[in-house]
Amino acid sequence: MKSLFKQIFRQIKKYDNIVIARHIGPDPDALGSQLALRDMIRELFDKKNVYALGNPASRFRHLGMLDKLEDNMSNTMLIVLDTPDIKRIDGVDLKDYDYIVKIDHHPFVEAYADIELIDDTASSTCQILLDMFLTLKFPISQSVAEKLYTGIVSDTDRFLHDYTSVNTFRLVTKLIEVTKLDFTKLYKPLYTRPIEEIKFQGYIYQNLTLTENGVAYIKIDEDLLKEYGVDSASPGNMINELKFVKDIVIWVFFSEDIKSNLIRANIRSNGPIINELAARFGGGGHKYASGARLTSWQQTDSLINELDKLSMEYKSNN
């Protein structure tokens, strides 16, 4: 891994223009890693033009602001974070760049970069970047430390997920030691929610459907989102709350996104591996935490049926 870190840094030093991208529908790990890497490069090389691109996520705007790209930039390097496949990259076209680096912690889907740094044992892309910064002995500012810690905490769901490792704790401990990070102050902006979302969460709990094989699901259309004053991303912010509910093996929230003309599917599992199935429905992710983007409510029924079969097979074998 150290050799890959050095290779990436050598390329960063070569290019005066660097664009950093990540996946559509960004979460705190995608945004945190993107903004932390941008800020780190700017701090190391104050004459480089470094841009973090993609659609913003208003819920996580406390992490920092994204950039607008200057026109007609040549000799530009692209770094794509937290994104295993081309179709999920937000806001850039690969053919516009002279050199491409991928840094990701998802299972491999497809190669699209000159350097592919993939560590699917890492809890998050922020963990990989933290490892790189510490290994290469970069000075880590408070701002960069806050973004990295937030991404790690969010993607591990406060260190609850099973891909939280000894290495995760070792790196986070080192980050706190080196930067004297006041990590407790980072939880409030990350987890504070409006009362509308709390009421909406109550509706979800009251109206979940549970199949005989332990698949819990709910379909949320645009009218319901408007009624509660929340957006299509809100259900995804609540999905992890069902992790410790007895009788639920797999759970999925479907929410209509009128602006994008699609239906978001947030899927979680307490045992069956779901990312391969999610990929068949235009998505992907981790073994036990994945998502998909569907084009019709008929597709949601098909996905529910496939998840139910997956859950039934899992229960019969365990």
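Among the residues of the range 243-277 satisfying the criterion of being buried (at least 22 other Cβ atoms within 10 Å of the Cβ) and among the small types (Gly, Ala, Ser), which is farthest from residue 232 (Cα to Cα)?
Ranking the qualifying residues of the range 243-277, first place goes to 269.
On the given criteria, is residue 152 part of a loop (DSSP other than H, G, I, E, B), touching a helix residue (DSSP H, G or I) at 6+ places or on another chain (Cβ under 8 Å) and surrounded by 14 or more Cβ atoms within 10 Å (Cβ to Cβ)?
Values: part of a loop (DSSP other than H, G, I, E, B): no; touching a helix residue (DSSP H, G or I) at 6+ places or on another chain (Cβ under 8 Å): yes; surrounded by 14 or more Cβ atoms within 10 Å (Cβ to Cβ): yes.
For residue 152, the condition - part of a loop (DSSP other than H, G, I, E, B), touching a helix residue (DSSP H, G or I) at 6+ places or on another chain (Cβ under 8 Å) and surrounded by 14 or more Cβ atoms within 10 Å (Cβ to Cβ) - is not met.
Which of (1) in contact with a Leu (Cβ under 8 Å, 6 or more places away or on another chain); (2) not in a helix (DSSP H, G or I) does residue 163 not meet, given it meets every other one?
Going through the list (1) in contact with a Leu (Cβ under 8 Å, 6 or more places away or on another chain); (2) not in a helix (DSSP H, G or I), residue 163 breaks only (1).
I'd like to know if the range 65-72 contains one or more residues that are in contact with a helix residue (DSSP H, G or I) (Cβ under 7 Å, 6 or more places away or on another chain) and of a type in the set (Asp, Glu). Please lay out each step first, then the result.
Within the range 65-72, the subset in contact with a helix residue (DSSP H, G or I) (Cβ under 7 Å, 6 or more places away or on another chain) is none.
Within the range 65-72, none of the residues are in contact with a helix residue (DSSP H, G or I) (Cβ under 7 Å, 6 or more places away or on another chain) and of a type in the set (Asp, Glu).
Can you pull out the residues in the range 18-40 that are at pLDDT 95 or above and surrounded by fewer than 20 Cβ atoms within 10 Å (Cβ to Cβ)?
Listed by number, the list holds a single entry, 39.
Name the residues in the range 160-180 that are surrounded by 14 or more Cβ atoms within 10 Å (Cβ to Cβ) and closer than 23 Å to residue 59 by Cα, would you?
Of everything in the range 160-180, just one residue is surrounded by 14 or more Cβ atoms within 10 Å (Cβ to Cβ) and closer than 23 Å to residue 59 by Cα, namely 161.
Mind telling me which of the residues 191, 228, 203, 187 ends up being under 23 Å from residue 60 (Cα atoms), more than 25 Å from the chain's Cα centre (by Cα) and of a type outside the set (S, T, N, Q)?
On the way: 191 fails: more than 25 Å from the chain's Cα centre (by Cα); 203 fails: under 23 Å from residue 60 (Cα atoms); 187 fails: more than 25 Å from the chain's Cα centre (by Cα).
From the options 191, 228, 203, 187, the qualifying one is 228.
Inspect all residues belonging to the range 205-216 and state whether any of them is in contact with an Asp or Glu (Cβ under 9 Å, 6 or more places away or on another chain), of a type in the set (D, E, K, R) and more than 24 Å from residue 153 (Cβ to Cβ). Walk me through it before giving the result.
Taking the range 205-216 as the starting set, the residues that turn out to be in contact with an Asp or Glu (Cβ under 9 Å, 6 or more places away or on another chain) are 205, 210-216.
Remaining after also requiring of a type in the set (D, E, K, R): 212.
Next cut, more than 24 Å from residue 153 (Cβ to Cβ) only: 212.
Yes, because at least one residue in the range 205-216 is in contact with an Asp or Glu (Cβ under 9 Å, 6 or more places away or on another chain), of a type in the set (D, E, K, R) and more than 24 Å from residue 153 (Cβ to Cβ).
The values are calculated or read from the model by the stated rules, or taken from the named source; none is laboratory data. Treat the numbers as computed from the prediction; the structure is a model and nothing was measured. Quick reminder, even Gly has a Cβ in these numbers, built from the backbone with ideal geometry, and neighbours come from all protein chains shown.
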